[in-house]
Structures are given as structure tokens and as C-alpha cells.
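Here is the structure we will look at, set down as C-alpha cells.
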Amino acid sequence: MKILLANPETSRSKYDYAGIIDDEPYELECLSAYLLDKGIETVIWDGQMDKNFWGIFRRENPDYVYFCGRTRQENFIKEYCGVCKSGNKSSVKEVVTIVGGIHAQCCPHRFFTDDVDYVVTTFDPKAVYDIIEGNTDSWGSSVPGYIPGNGSNPETINGEEYWHGKVSPSLPFDIKKMPRADRSNFYKYGARYCYLELRPCAIIRTAFCCPYSCSFCYRNRLNCGKYTSRDIADVVDEIESIDCENIYIIDDDFLVGTERLEKFVSLIKAKNIRKKFVCFGRADFIVKHPDIIKELAEIGFYYILTGLEYIENRRLSDTNKRSGVNTNGRAIKILHDSGIHMMGMFITDLDFKKKDFKNLYRWIKHFKLKHVAVSIYTPEMCLENFEEYRDRLVTEDPSEWDYLHVVAKPTHLSVKKYYFYYHLLLIKLFLRAKRQGIYDFMDYKAFIMSFVKNLFRFGG
Ligand code: SF4
């Protein structure tokens, strides 16, 4: 039995972060390790590194293909499921298509199409093994809500169209049971996996879910909303074993639990591990625990990615961020003083006016924040408030759920004007970054030209 584990490309335009931030397909590497241990042959295909899905599909001739991805990859996943089904017509072999990963976990119904046989809605790798072993009798099947594809017709019962496939039980999974990633794919592509100038950069996950509940975010819904974390000694052992000097901890929030972090610091020191680290961490934790931040800086923490989100307390409290503007400012200073770079992440809300874009730039400049990422507010398909935006949607194309597109009509500006001010902000931030030399590893000219084009492509 052979399974192809596939992570489609995130975009087919240049409007993404390819080559700047490229994550190794860690989820697939853990699943691969689990299945290899069960005697199943696995092959990983990462669409960010190799664009030729058809080539690998034909060469490997798998029995099963498993796809994972986020909302913006939905179209590509469906397209490749179609390739698996139609591309194999000349063969007697029937390929089984499985879709899992974050988007399938949050919005399984998006994959009820002709070309998809199973949707996996749990992090538990056993669900995929159950499919291969034929142990899915107890799974939910004949789910209503069929989405037409390009294959056979759905079953129609009492006038309602039913999808032919099966959905795994949606159950929380204890991350302690997840095997360590099989990193052969990571070593194959070497320096192409990166986080900005940290090249190569390996990924590790130490927890599922997030214990907070910011209203715009779906990460706290993953794993059925259950936060679960690995034993920190096991995490440090794995970090020691990775042949890479840069480690990106992709937990939605790594700065959780002072005891756990103190143990992490002491184990890294005891083992004399010398690497650079990237992680996500909240501003309120940074402000409450400057001593831990100092220790993290000492052991090599290089970037902390912090969701500052807004520069007004009203917006922070409306979204249940449980942080404030003063806290955000203090967190920037604490990280700067400790020598850690903060990657400050902001959201431009749909009710932004011209002055809000300007104020955001001024605020960033005032706090001397060098590294900045600005997302356009994007209503998540799996959250309750999505219905409030349904009438305002200006696109239904999931590829645009990349936080760089306006997907719902802004309140005070036209879509074109909104894009114009958004890209103007990006250009100002990027020129500032150029003056500070922080992205010297990138081709500034190409990026600035693309932002300028976007000013007019979207804006006029
Ligand atoms: S924004 Fe960050 S802290 Fe808030 S719920 Fe999402 S992951 Fe957690």
C-alpha cells in the first residue's frame, strides 16, 4: 500500500510569501512517521517546492492520496482530487482521495464533492490508517450538502443531494501521542524552507489549539477547542536531534505556562543547544514575564511573532483580545531591550477610513517597530460571525482567504480605495524596512514594484 501525502501550493500568483516564509510540511511529516511505523509506504509532495503534482502522481502510482491545507488551498486540493480520479481512468487501480488538515477540520462540508472520498476532521493520524485498513464502518456517511464536481451524480434522498463519502469523527487528539516528524523531505529541500533570513528553518509543534478566544480567530477551535501540549523534555530532545540551526515553533501561542517555559530554558541550557528560535507569543505574557523573555533571548530566541492587531483599545476589547494598547507598546519595548525582534502583526478592519491606515503607520513608527505584518480582516468561514458578512462578500473564491485580499465590502471605502490605502501602507512600511536594512536578503525592488502595481491593479 502506498499513500501520497500532498500539500498543494498556496498560490499561483506572486501575491504571497513564497521564498520569504516557506514552512516545511510538518503535519504531513508527522503523519508519514505514523504510517511508516504501521508498514505503509509514504511519499510526501510539497507543492511549494515542486509544482508538478501530475508528475509525482504518475511516477508514484499511489493507492491513496491525502491532501491537507488551509482555506486558500481549497481550490487546488479539489482540482488535484479531480486529477487523481480522472487521471487514473486508464488504470484498473481506483485511487482513494482523502482531505484533512486545518481547513477540512473547520469546514468539512467544503469538500463534499464527487472527487473526495473521505474528509478527516481530527489531528489523530489513526483516522488515515483506519481508512487504509477499511475500519471506517462507524464513521458518518451520506452527509447532505453535496457540492457538484465533475464526476458521478450524488445520491438524492427526499429531494436532498447526498455526498457519497465519509467524514471521520471529530475528536480531540492528545499531541503527546503524535510521533516525531519524519524529516527526510525537509532535508531533501534544505535551505528552501525558511523564515525570512533564517535559512534553512525547521518546524516543530509543541501544542495543539490556543487557550485564548479572540473573536476573529479560528485557531482556538482546532482540536475541538482542546488545548493539549507535549512534554517539554521530549520537545527539547527533538530540537536537539534536528540537523538545523533555526527552529520555528509553530504553536499558535508558545508562551503558555511559566513553569513549562522555565523548564524549556533550563533544558536547552543544560544540553548546550545553540540555535535560533522563532515562536508566537502574546503581548500580555511578554509584559507580565520580562524575566522569562530575558532568558529566552539568552538561549537564542530571535523572532517572537505577536498579534498586536489594533492600535485602539475599543477594537482590542471588542475582539476579546484580552490585551490593551499600552500593553502592546510595553511588549515591544521589552522585546527590543532583550534583543529579540518582534514581528508585530496587525489587522486592518473593514471599517477603516483613510486616516486609520495613516494612524497605523504613525503608531508603528512611534514604537520603532521594525518587523511588521499587516493583514486585511477576513471573516473566517467556520466562525459564527461569518453569516454577518455573507451579504457583504465581494468574492466567494477561497483562494482569496489569504488575509491579503478584501473579501467583504468595506464599510466606508470602496473596495478599490481600500486596496489603494492598504498597499500605500505596505509601500511605506517596506520603504522604511529598506532604510533599516532588515530585509536585505530580499529583492526590494521587485517587491516594491509589485506593491505599486497592486495599488492600481486593485485600486484603480
Ligand atoms: S489570535 Fe492568537 S491568542 Fe487569539 S485566539 Fe488566535 S491564536 Fe489564540
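The values are calculated or read from the model by the stated rules, or taken from the named source; none is laboratory data. Here the structure is a predicted model, which is why all the values come from computation and not from measurement. Here the Cβ is made from the backbone with ideal geometry for all residues, glycine too, and neighbour counts use every protein chain on show. Each accessible area value is taken on the protein alone, full model and side chains, heavy atoms only, with ligands, DNA and RNA left out. Shrake-Rupley method; radii C 1.70, N 1.55, O 1.52, S 1.80 Å.
Some observations on this one:
- Out of Gly329, Gly324, Gly281, Gly307, sole residue that is more than 29 Å from Ile239 (Cβ to Cβ), of a type in the set (Gly, Ala, Ser) and within 16 Å of the ligand (Cβ to nearest atom): Gly324
- Residues of the range 268-292 satisfying the condition of being in contact with a helix residue (DSSP H, G or I) (Cβ under 7 Å, 6 or more places away or on another chain), among the hydrophobic types (A, V, I, L, M, F, W, C) and closer than 29 Å to Arg192 by Cα: Ile268, Ile273
- Positions within the range 176-201 being among the aliphatic types (A, V, I, L, M) and either within 16 Å of the ligand (Cβ to nearest atom) or farther than 24 Å from Leu255 by Cα (or both), in sequence order: Ala191
- Test for Ile293: is it open to solvent by less than 40 Å² (accessible area, probe 1.4 Å) and assigned to a helix (DSSP H, G or I): yes
- Of all residues in the range 216-248 being within 16 Å of the ligand (Cβ to nearest atom) and in a loop (DSSP other than H, G, I, E, B), the one that is nearest to Ser168 (Cα to Cα): Lys226
- Residue check, Arg230 touching a helix residue (DSSP H, G or I) at 6+ places or on another chain (Cβ under 6 Å) and open to solvent by 10 Å² or more (accessible area, probe 1.4 Å): yes
- Filtered by the rule that a residue be in a strand (DSSP E or B) and either open to solvent by 20 Å² or more (accessible area, probe 1.4 Å) or of a type outside the set (S, T, N, Q) (or both), the range 296-319 gives Phe301, Tyr302, Tyr303, Ile304, Leu305, Gly307, Leu308, Glu309.
- Elements of type helices (runs of 4 or more DSSP H) contained in the range 353-460, each with 3 or more residues being more than 27 Å from Gly19 (Cβ to Cβ): 354-366, 386-389, 415-436
- Contact map, the range 271-287: residues that are touching a residue at least 40 places away in the same chain (Cβ under 8 Å) and under 13 Å from Val256 (Cβ atoms) paired with residues that are within 15 Å of the ligand (Cβ to nearest atom) and assigned to a helix (DSSP H, G or I), Cβ distance under 8 Å, separation 6+ or inter-chain. Pairs shown: Asp284/Thr327; Asp284/Ala331; Ile286/Ala331.
- Exactly one residue out of Asp237, Asp251, Asp231, Asp243 is without any contact (Cβ under 8 Å) to a residue 12 or more places away in the chain and outside the structural domain of Arg70 (by TED's automatic domain parsing), and it is Asp237.
- Residue within the range 202-215 that is within 16 Å of the ligand (Cβ to nearest atom) and out of contact with any Lys or Arg (no Cβ under 9 Å at 6 or more places or on another chain) present: yes
- Of all residues in the range 249-276 being open to solvent by less than 10 Å² (accessible area, probe 1.4 Å) and either within 17 Å of His336 (Cβ to Cβ) or within 15 Å of the ligand (Cβ to nearest atom) (or both), the one that is farthest from the chain's Cα centre (by Cα): Leu255
- In the range 157-183, the residues that are polar (S, T, N, Q) form Cβ pairs under 7 Å with partners that are open to solvent by 40 Å² or more (accessible area, probe 1.4 Å), at six or more places apart or across chains, as follows: Ser170/Cys224.
- Condition met for Leu383 (under 25 Å from Ser213 (Cβ atoms) and open to solvent by less than 30 Å² (accessible area, probe 1.4 Å)): yes
- Just one of the listed residues (Leu413, Leu393) is surrounded by fewer than 16 Cβ atoms within 10 Å (Cβ to Cβ) and of a type in the set (A, V, I, L, M), namely Leu393.
- For the range 166-196, taking the residues that are in contact with a Ser or Thr (Cβ under 9 Å, 6 or more places away or on another chain) and in a helix (DSSP H, G or I), the one that is surrounded by the fewest Cβ atoms within 10 Å (Cβ to Cβ) is identified as Lys176.
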